[in-house]
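The values are calculated or read from the model by the stated rules, or taken from the named source; none is laboratory data. Quick caveat: nothing in here was measured; it's all calculated off a predicted structure. Please note: Cβ atoms are built from the backbone with ideal geometry, for glycine as well, and neighbour counts cover all protein chains shown.
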Amino acid sequence: MISESSFNGKFKAGVSTPQEFARRLSCTRRDFLRGATGIALGSALSSASPFVRGATATKRRKVIVVTFGGGARDQETFAPEGQENIPHLLHELIPQSSFFTQVVNQGILGHYVATASLATGVYETINNFSAVPPEHPTVFEYFRKDLRRPSSDAWVVAPSNGFNRIGESDYRSYGPGMGARVVLPKHLLTAAMSGTTTDYEHLLRDNYETPLYAPQLAGNEFELEQMETILKLSVDDFRAHALTVSSPDELSMFIARRLMQQEAPSLLWITMHDIDIAHAGAYSLYIEGIRRTDRLCAELWKAVQTEPEYAGNTTLFVLPDFGRDSDQDAGGNGFQHHRTGDPASRTTWMMALGAGVRQGVVYDQPMQSTDLVPTLGAMMGFSPSLAQGRPIKELI
Amino acid sequence: MLPRDLKAEQFAGYPPQARNLVVAHLDALQQLPLSFLPSLLREVIDYDFKFPAERNAIDIELANLSSLSPAQASDWFQAFSQFSLSPALEHFDWVNQPAQFVEQLSAYLWTTHQLDGFRKAALVYGDRLHSVVPPDAIPVRRLGIAVIGQGVTTYDAQLFRNLRPHGAYFAHVKPDNGLQLLLNAVAARAKAHPVPYGHWYIDGGQQADHDPSLTCVSYQALEPVRAALLRKIQADLQRPGMGPEELRTHLARLVPADLGMDEAGDAVLSRFQIKLLTEASGTQIFSTTFAQWAAREALRRAQSLTLLVRFAPRQRQKPMNELLSNSQGNVELDLTGSLVDADMGAYYNWLNQQRLQVADQSAFLVWFEGHSQALVIGPSIPRGTESTTAADLGELIALAAT
């Protein structure tokens, strides 16, 4: 039998007191990053960006936006206990980045509608689970119309059927034919495996919010027969490659790299989604998703450096569409969902790196998810007149 | 229709006890705003199949509402009265389908950016209700136990990371006969403090022999029910017009008999188990998710006094479509992943236990099954500490109870 007195002399000092633990959790992302990487506080620097203006520079500029798919919380990423899951972001990308610690999403926390909001600069209210276009013009429409760019210059690579309408709105004076081409790699794979007996089913899950349901496609999505003409990729080669990847996001990244090589779009949007396996409630799979996404982001940035069309003139944005529920909110179930609308699920981050972006700087003033499109407009020279956000002055 | 128009006969479709309850409090319900009342009715309509703790909570809430004067009711629900609702919601049959109404209300609040305000109003209401109704005393200190890592032979990473700041870590536990000692301890508590649905044993795999005084739920025992559910889902998905909302609505209407459960059994427990599978995400396919969610719901709904949760290995991640089609094949297990899941699940079990009354007196124990690592949390246990004491699981339970 253990008596209380047996504790005497047998307990040693703990790893932290509850007070220390609470204080640690209350630290901001800025503090975490400053401690982990030694990067500077943005407010101590000039607010002006070193971005080079001018028609020539604008014309050549490439922008890639990656949504850090499915949303991840601080305690699994930027907090001290989570940093082991994002070694590539932390040690390779953030030192090259301007990092924004408070990106607030005040919209609906469903992945399709939130991504649509990121792409329009307006908090969209469309049905998250239907294949419907955004109600407001997308960044792709502004970009193509204002800069008179062809459809080959704006692409979206997205994870599930539900995203097939993300490329363009149905807004009058914009809309059909004015937006981005959309590639759904899993949809392509479904078509590619048609008639075969090979087991590709591990890549065909539509999404994790509604794993049982996949909306019918209807839109401007990329079809199988175009793979050979545009991506210079045979169906057999595509199938063969699919057997070598471990997740849908890896397949998406493969397609994105082919696009960069063959089409070199100036505006490329990649939506990652593996992390959202969290909805199944298995913490280890959620962590695996974060680590994979971290690795894929770094691989993408390395690919940018090796592609002649992109090296030296590309700005990469990485941001989650939103977070996930806090452990402390009784209305949720922690990491599993993003349903409560609590601050943890609404507050996330953004990093920008590459051409024209100051390196190794942290900005902790709040910004909105809807600020992305106006910022891209200011950087690339188009006018997102219907977007509700404001350009981020530190990037323009 | 609005609440002020409610009539007793409109509740004819409710089960007997629920109907009687509503009719007895009809005057109070007529004073409530539409943004609030269906949420209450969603609970009341299932009154006949709820745990005693839930019934008690409903009784208390209705009694409080009936005690309010019109002026007081107006004050209590002023915030809820401010929300604008759509005509479609006002015309919805929220009396007979309150759960579906609440789903649509939630979507509407998100769309109209009223959700944050609603959330705040709900929290204020909950706090106010708790402040006027003192919690009942509980007969024994609440105890939670999590057994994690079944089948794992070695694991080098740190366990119990989230729980360590709150209790004492033991690195020299004597694992012999550990599960039996734990089952004996919870059975002893159940016999000493017999409370209906008060003492639980949840197993993420096949349940071990246990005392009948324990309320037991296991993933293995529900396998036929899970298979029947997946077949129903697959069939539903083939029907025209079936979308995610429609599917969820359909699942919410399922009763135990729809999935082949014995109608002569414990109706309250059967309904509980059905809801674990139809209202949650992942419980149908991952045993670790099932165990964690079942524990959460046992704590939230039954307010268990004793809860022993044994996590078992879940199947290795396979494609969702394959899993949901229940196709045959060798089921591979992910032992290490399951340990990581369960380690987090144990933390969530403790968090959910701490949300219940008299939390400062509750105790918790988590043990790496078959191994020498455990952690104990209790009112007398120094926090954030480590012990080199060699102890068996029976001794650790006794320690937690001090």
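Quick check on my filter: what residues within region A:322-366 are closer than 17 Å to B:Trp110 by Cβ and of a type in the set (Phe, Trp, Tyr)?
A:Phe322
Read through the list (1) within 12 Å of another protein chain (Cβ to nearest Cβ); (2) outside any loop (DSSP other than H, G, I, E, B), then give the number of the only condition that A:Gly332 fails.
All conditions are met except number (2).
Looking only at region B:93-106, filter to residues that are crowded, with 18+ Cβ neighbours inside 10 Å and without any contact (Cβ under 8 Å) to a residue 60 or more places away in the chain; which one of those is farthest from the other protein chains (Cβ to nearest Cβ)?
As a first pass, look at region B:93-106 and keep what is crowded, with 18+ Cβ neighbours inside 10 Å: B:94-95, B:97-101, B:104-105.
Filter once more, keeping what is without any contact (Cβ under 8 Å) to a residue 60 or more places away in the chain: B:97, B:104.
Values: B:Gln97: 20, B:Gln104: 12 Å.
Ranking the candidates gives B:Gln97 first.
Looking at region B:284-303, which of the residues that are of a type in the set (S, T, N, Q) and more than 10 Å from B:Gly204 (Cβ to Cβ) is nearest to the other protein chains (Cβ to nearest Cβ)?
Here is the first cut: in region B:284-303, the ones of a type in the set (S, T, N, Q) are B:284, B:287-289, B:292, B:303.
So of that shortlist, the ones also more than 10 Å from B:Gly204 (Cβ to Cβ) come out as B:284, B:303.
On the way: B:Gln284: 10, B:Gln303: 13 Å.
Taking the candidates together, the pick is B:Gln284.
Of all residues in region A:134-183, how many are buried (at least 24 other Cβ atoms within 10 Å of the Cβ) and either among the aromatic types (Phe, Trp, Tyr) or over 24 Å from the mean Cα position of the chain (by Cα) (or both)?
Going through region A:134-183 one residue at a time, the tally reaches 5.
Restricting attention to region B:138-148, does a residue exist that is over 21 Å from B:Asp360 (Cα atoms), more than 14 Å from every other protein chain (Cβ to nearest Cβ) and either within 24 Å of the chain's Cα centre (by Cα) or at pLDDT 95 or above (or both)? I'd like the intermediate steps shown before the answer.
Step one: filter region B:138-148 for residues over 21 Å from B:Asp360 (Cα atoms), giving B:147-148.
Of the ones still in play, those that are also more than 14 Å from every other protein chain (Cβ to nearest Cβ) are B:147.
Narrowing further to those that are either within 24 Å of the chain's Cα centre (by Cα) or at pLDDT 95 or above (or both): B:147.
Checked region B:138-148: at least one residue is over 21 Å from B:Asp360 (Cα atoms), more than 14 Å from every other protein chain (Cβ to nearest Cβ) and either within 24 Å of the chain's Cα centre (by Cα) or at pLDDT 95 or above (or both).
Could you tell me whether any residue of region A:222-229 is surrounded by 19 or more Cβ atoms within 10 Å (Cβ to Cβ) and either over 30 Å from A:Ile287 (Cα atoms) or under 20 Å from the mean Cα position of the chain (by Cα) (or both)? Spell out the reasoning first.
Start the filter on region A:222-229 by keeping residues that are surrounded by 19 or more Cβ atoms within 10 Å (Cβ to Cβ), which leaves A:222, A:227.
Cutting the leftovers down to either over 30 Å from A:Ile287 (Cα atoms) or under 20 Å from the mean Cα position of the chain (by Cα) (or both) gives us A:222, A:227.
Yes, region A:222-229 contains a residue that is surrounded by 19 or more Cβ atoms within 10 Å (Cβ to Cβ) and either over 30 Å from A:Ile287 (Cα atoms) or under 20 Å from the mean Cα position of the chain (by Cα) (or both).
Of the residues B:Tyr155, B:Tyr169, which is in contact with a strand residue (DSSP E or B) (Cβ under 8 Å, 6 or more places away or on another chain), assigned by TED's automatic domain parsing to the domain that holds B:Thr288 and in a loop (DSSP other than H, G, I, E, B)?
Working: B:Tyr169 fails: in a loop (DSSP other than H, G, I, E, B).
Residue meeting the stated conditions: B:Tyr155.
Exactly one condition in (1) in contact with a Cys (Cβ under 9 Å, 6 or more places away or on another chain); (2) closer than 28 Å to B:Thr289 by Cβ is not met by A:Phe322; state its number.
Among (1) in contact with a Cys (Cβ under 9 Å, 6 or more places away or on another chain); (2) closer than 28 Å to B:Thr289 by Cβ, A:Phe322 violates only (1).
State all residues of region A:277-315 that are within 14 Å of chain B (Cβ to nearest Cβ) and not in a helix (DSSP H, G or I); if no residue qualifies, say none.
If we filter region A:277-315 for residues that are within 14 Å of chain B (Cβ to nearest Cβ), which is where we start, we get A:277-292.
Correct list: A:Gly281, A:Ala282.
Is it true that some residue in region A:299-308 is under 16 Å from the mean Cα position of the chain (by Cα), surrounded by fewer than 19 Cβ atoms within 10 Å (Cβ to Cβ) and on the phi < 0 side of the Ramachandran plot?
Kept after step one, since they are under 16 Å from the mean Cα position of the chain (by Cα), are these residues of region A:299-308: A:299-301.
Then drop every residue that is not surrounded by fewer than 19 Cβ atoms within 10 Å (Cβ to Cβ), which leaves A:299.
Keeping just the survivors that are on the phi < 0 side of the Ramachandran plot gives A:299.
For region A:299-308, residues under 16 Å from the mean Cα position of the chain (by Cα), surrounded by fewer than 19 Cβ atoms within 10 Å (Cβ to Cβ) and on the phi < 0 side of the Ramachandran plot: present.
Taking region B:274-320 as the region of interest, how many residues are within 28 Å of B:Gly370 (Cβ to Cβ), modelled with pLDDT under 95 and not in a loop (DSSP other than H, G, I, E, B)?
Adding up the residues that qualify gives 1.
Out of region B:370-402, which residues are acidic (Asp, Glu) and either at the interface with chain A (Cβ under 9 Å from one of its Cβ atoms) or under 24 Å from the mean Cα position of the chain (by Cα) (or both)? Let's see the steps before the verdict.
Of all residues in region B:370-402, those acidic (Asp, Glu) come to B:386, B:392, B:395.
Once the filter is applied, which keeps residues that are acidic (Asp, Glu) and either at the interface with chain A (Cβ under 9 Å from one of its Cβ atoms) or under 24 Å from the mean Cα position of the chain (by Cα) (or both), region B:370-402 yields B:Glu386, B:Glu395.
Please go through region A:242-279 and pick out each residue that is surrounded by fewer than 24 Cβ atoms within 10 Å (Cβ to Cβ), small (Gly, Ala, Ser) and modelled with pLDDT under 95.
A:Ala242, A:Ser246, A:Ser247
Of the residues B:Gln31, B:Gln78, which is of a type in the set (S, T, N, Q) and surrounded by 17 or more Cβ atoms within 10 Å (Cβ to Cβ)?
Details: B:Gln78 fails: surrounded by 17 or more Cβ atoms within 10 Å (Cβ to Cβ).
Answer to the check: B:Gln31.
Please verify whether region B:222-242 includes one or more residues that are outside any helix (DSSP H, G or I), modelled with pLDDT of 95 or more and within 26 Å of B:Leu179 (Cα to Cα). So that I can check it myself, show each step before the final result.
Residues of region B:222-242 that are outside any helix (DSSP H, G or I), as a first pass: B:222, B:238-242.
Still in the running and modelled with pLDDT of 95 or more: B:222.
Imposing the further condition that a residue be within 26 Å of B:Leu179 (Cα to Cα) reduces the set to B:222.
Yes, because at least one residue in region B:222-242 is outside any helix (DSSP H, G or I), modelled with pLDDT of 95 or more and within 26 Å of B:Leu179 (Cα to Cα).
Scan region B:246-273 for residues that are in a helix (DSSP H, G or I), more than 14 Å from chain A (Cβ to nearest Cβ), surrounded by 14 or more Cβ atoms within 10 Å (Cβ to Cβ) and free of Cβ contacts under 8 Å to residues at least 40 places away in the same chain and report the count.
The qualifying residues number 4.
Limited to region B:65-111, what total is found for residues that are among the polar types (S, T, N, Q) and over 29 Å from the mean Cα position of the chain (by Cα)?
9
Would you check which residues across region B:260-297 are hydrophobic (A, V, I, L, M, F, W, C) and out of contact with any helix residue (DSSP H, G or I) (no Cβ under 8 Å at 6 or more places or on another chain) and list them?
As a first pass, look at region B:260-297 and keep what is hydrophobic (A, V, I, L, M, F, W, C): B:261, B:264, B:267-269, B:272, B:274, B:276-277, B:280, B:285-286, B:290-291, B:293-295.
Matches in region B:260-297: B:Ala264, B:Leu269.
Out of all the residues in region B:149-172, is one or more surrounded by 18 or more Cβ atoms within 10 Å (Cβ to Cβ), touching a residue at least 24 places away in the same chain (Cβ under 8 Å) and among the charged types (D, E, K, R)?
yes
Before we move on, is A:Glu250 of a type in the set (D, E, K, R), more than 14 Å from chain B (Cβ to nearest Cβ) and either touching an Asp or Glu at 6+ places or on another chain (Cβ under 9 Å) or closer than 27 Å to B:Gly149 by Cα (or both)? Reasoning before the result, please.
Numbers: of a type in the set (D, E, K, R): yes; more than 14 Å from chain B (Cβ to nearest Cβ): yes; either touching an Asp or Glu at 6+ places or on another chain (Cβ under 9 Å) or closer than 27 Å to B:Gly149 by Cα (or both): yes.
Yes, satisfied.
When the residues of region B:34-70 are filtered to those that are part of a helix (DSSP H, G or I) and touching a Lys or Arg at 6+ places or on another chain (Cβ under 8 Å), which remaining residue is surrounded by the fewest Cβ atoms within 10 Å (Cβ to Cβ)?
Looking at the filtered set, the residue picked out is B:Glu43.
Which one of these does A:Phe382 not meet: (1) buried (at least 20 other Cβ atoms within 10 Å of the Cβ); (2) touching a helix residue (DSSP H, G or I) at 6+ places or on another chain (Cβ under 8 Å); (3) within 27 Å of B:Ala342 (Cβ to Cβ)?
(3)
I'd like to know if region A:167-188 contains one or more residues that are basic (Lys, Arg), touching a Ser or Thr at 6+ places or on another chain (Cβ under 8 Å) and within 14 Å of chain B (Cβ to nearest Cβ). Let's see the steps before the verdict.
Keep residues of region A:167-188 that are basic (Lys, Arg), which gives A:172, A:181, A:186.
Narrowing further to those that are touching a Ser or Thr at 6+ places or on another chain (Cβ under 8 Å): A:181, A:186.
The next check asks that each one be within 14 Å of chain B (Cβ to nearest Cβ); those that pass are A:186.
Within region A:167-188, one or more residues are basic (Lys, Arg), touching a Ser or Thr at 6+ places or on another chain (Cβ under 8 Å) and within 14 Å of chain B (Cβ to nearest Cβ).
This table checks each residue for (1) part of a loop (DSSP other than H, G, I, E, B); (2) out of contact with any Gly (no Cβ under 8 Å at 6 or more places or on another chain).
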position: A:Gly82; (1), (2): no, yes
position: A:Phe100; (1), (2): no, yes
position: A:Val103; (1), (2): no, yes
position: A:Ile108; (1), (2): yes, yes
position: A:Ser130; (1), (2): yes, no
position: A:His136; (1), (2): yes, no
